[in-house]
Amino acid sequence: MNTELASPPTVRGPGAGTVVLTVNDQVRELPVEPRVSLLDALREHLGLTGSKKGCDQGTCGACTVWVDGRRVLACLTLAVTCEGHEVTTIEGLAPGGELHRMQAAFIDRDAFQCGYCTPGQIMSAVALLAEGHAGDDAEIAEWMSGNICRCAAYPNIRAAIRDVRDSAGAER
Amino acid sequence: MRPLSYVRAADADTAIAMVAERPDSAFLAGGTTEVDLVRQGVLRPGLLVDINDLPLTGVEDLPGGGLRIGALARMSDVARVPGVVARFPVISQALLLGASAQLRNMASMGGNLCQRVRCSYFRDATSPCNKREPGSGCAAMDGFHRGHAILGTSGTCIAVHPSDVAVALTALDAVVHTRGPGGERAIGIDDFFLLPGDTPEREHPLEHGELITAIEVPAASIARRSVYLKFRDRESYEFALVSVAAAVDVADGAITGVRLALGGVGAKPWRARRAEHSLLGRPATTASFADAAGQELAMATPRPMNAFKVELAKRAIMRSLTMLTNENAP
């Protein structure tokens, strides 16, 4: 084993300590314990309640956010692990109070009923287009399968994604 | 979730030392199983050592045609590596048929091998479960066990191994490379997964503080024509009822090489060696496939609710071999 190690890194917790997160291009400091999930940090500490807590066990996708531009589940991510990484939530999807074109397409296509899964669906849908997995409806369905909609708005969600895919400049 | 401490390690030596010195510590990679089970109270670590900054994310083609997959490479990234897609399609397919896009972005390859079973009695943190609390009994045995294993089970545990990609890696004789307080070692994947026997709490031979660093897949030209088939209760984002990783070489109508492994039915990713042995040298016909499938499943030990898996597994084996040996197939 290497004997020239620097001093060991600092152990944090179990009590609350300052965690520095970059969320939607803003640096935010919050006092949280290491056990706090990114989802709870966003909702309970930063007031960003767009990301939803559906199952809190990684099965529904309602908490989908981006970390360094990749879609992930905020409920299975510990907030402290996101230090040094860029977090993007539905609130940061379209700066300046405008709607992102995917948000507009969801409205146009009536792609939700109760709306609870919608922020996660939209964060997934925008990532899906960037990943290049929206070739046809079957591919969209497969690559959106991590986002459950208990109102079963799936056909309309796929329609909204198709609309954005087929419009000019569909990238983020 | 119970309170816990956290530290982020910058290098493997530090991570290994920090886990090794505290009995209640654990590595944290993608966290997709671990965070979930910590929240459920099934796992109770006092310290999580975050290894996500370690430089173990590469996927390299090895001279001679093999593959070295860094333990922290993410499932989604490995699935689209051109060398994986072209030379080991069964790995790419198995990865993409597992979990969801979000989870595949998070989950690491090493973590995938270490993921815990989905048995609801293990996960509820209260039922009798020999895996979670040795000696407490197995609630699945006479409980709800429709998804449970029919191969490699014991009187103590019938949980099924949940991984897809581990099934593909088992078919390909992958090697798990580790580093721990005692140094480095390489473990053949079939030895990496332990059958429950009388110690279902022990799922792999890793010591406390021993870290998976890479998974190597030996060169195998047979794998260029390979497939992963998965059968489940819904079309996507679901664990397998039965899955098959298969590769086959045929010359002059006879089978000259074959790899077969099963998922969704085994207490560990199940290399179907009896079926492979039966197929070698036989004509590539439905009769040969059926005979081989029958021989493999002859040792199944189904329970009342999962008896259907015996026939489903046979048919899955037959379908995979039929697909691969059909000259018109891609």
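The values are calculated or read from the model by the stated rules, or taken from the named source; none is laboratory data. Because the structure is a prediction, the values reported are computed rather than measured. Note: ideal-geometry Cβ built from the backbone for every residue, glycine included; neighbour counts use all protein chains shown.
Couple of notes before you dig in:
- Summed over the range B:157-182, residues that are away from chain A (no Cβ under 14 Å) and part of a loop (DSSP other than H, G, I, E, B) total 10.
- Residue within the range A:26-45 that is in a loop (DSSP other than H, G, I, E, B) and more than 10 Å from chain B (Cβ to nearest Cβ) present: no
- Qualifying position, being part of a loop (DSSP other than H, G, I, E, B) and without any contact (Cβ under 8 Å) to a residue 12 or more places away in the chain, among A:G115, A:G96: A:G115
- Residues (β-branched (V, I, T) and either in contact (Cβ under 8 Å) with a residue 60 or more places away in the chain or not in a strand (DSSP E or B) (or both)) located in the range B:6-31: B:T14, B:I16, B:V19
- If you go through the range A:118-153 and keep only what is at the interface with another protein chain (Cβ under 8 Å from one of its Cβ atoms), polar (S, T, N, Q) and in a helix (DSSP H, G or I), you end up with just A:S124.
- Condition check for B:S76 on (1) among the polar types (S, T, N, Q); (2) without any contact (Cβ under 8 Å) to a residue 40 or more places away in the chain; (3) surrounded by 23 or more Cβ atoms within 10 Å (Cβ to Cβ): one failure, at (3).
- Within the range B:290-330, the set of residues being crowded, with 19+ Cβ neighbours inside 10 Å and either more than 24 Å from the chain's Cα centre (by Cα) or of a type in the set (K, R) (or both) comprises B:K309, B:K314, B:T325.
- Among residues of the range B:93-103 being within 14 Å of chain A (Cβ to nearest Cβ) and closer than 20 Å to B:P218 by Cα, the one that is surrounded by the most Cβ atoms within 10 Å (Cβ to Cβ) is B:L95.
- Residue match in the range A:85-105 (condition: within 16 Å of B:R8 (Cβ to Cβ), more than 11 Å from chain B (Cβ to nearest Cβ) and surrounded by 13 or more Cβ atoms within 10 Å (Cβ to Cβ)): no
- Applying the condition of being closer than 18 Å to B:A240 by Cβ and of a type in the set (A, V, I, L, M) to the range B:110-125 and asking which residue is surrounded by the fewest Cβ atoms within 10 Å (Cβ to Cβ) yields B:L113.
- Count of residues meeting criterion [at the interface with another protein chain (Cβ under 7 Å from one of its Cβ atoms), more than 17 Å from A:L76 (Cα to Cα) and under 24 Å from the mean Cα position of the chain (by Cα)] in the range B:1-58: 0
- Residue tally, condition modelled with pLDDT of 95 or more, surrounded by fewer than 16 Cβ atoms within 10 Å (Cβ to Cβ) and not polar (S, T, N, Q), over the range A:3-26: 5
- Within the range B:126-162, the set of residues being among the hydrophobic types (A, V, I, L, M, F, W, C), buried (at least 18 other Cβ atoms within 10 Å of the Cβ) and over 19 Å from the mean Cα position of the chain (by Cα) comprises B:C129, B:C138, B:A139, B:A140.
- Matching option when the condition is of a type outside the set (S, T, N, Q), under 30 Å from A:T10 (Cβ atoms) and modelled with pLDDT of 95 or more, among A:E91, A:E131, A:E83, A:E142: A:E83
- For the range B:209-242, a residue qualifies if it is among the hydrophobic types (A, V, I, L, M, F, W, C) and in a helix (DSSP H, G or I), and the qualifying residues are B:I222, B:A223.
- Meets criteria (polar (S, T, N, Q) and in contact (Cβ under 8 Å) with a residue 12 or more places away in the chain) for B:T153: yes
- Filter result (in contact (Cβ under 8 Å) with a residue 60 or more places away in the chain and either in contact with a strand residue (DSSP E or B) (Cβ under 8 Å, 6 or more places away or on another chain) or closer than 19 Å to B:M299 by Cβ (or both)) within the range B:139-150: B:M141, B:H145, B:H148, B:A149, B:I150
- Test for B:G263: is it under 30 Å from B:L103 (Cα atoms) and surrounded by 15 or more Cβ atoms within 10 Å (Cβ to Cβ): yes
- Every residue from the range B:266-289 that is without any contact (Cβ under 8 Å) to a residue 40 or more places away in the chain, surrounded by fewer than 24 Cβ atoms within 10 Å (Cβ to Cβ) and of a type outside the set (D, E): B:R273, B:R274, B:H277, B:S278, B:L280, B:G281, B:R282, B:P283, B:T285, B:T286, B:A287, B:S288
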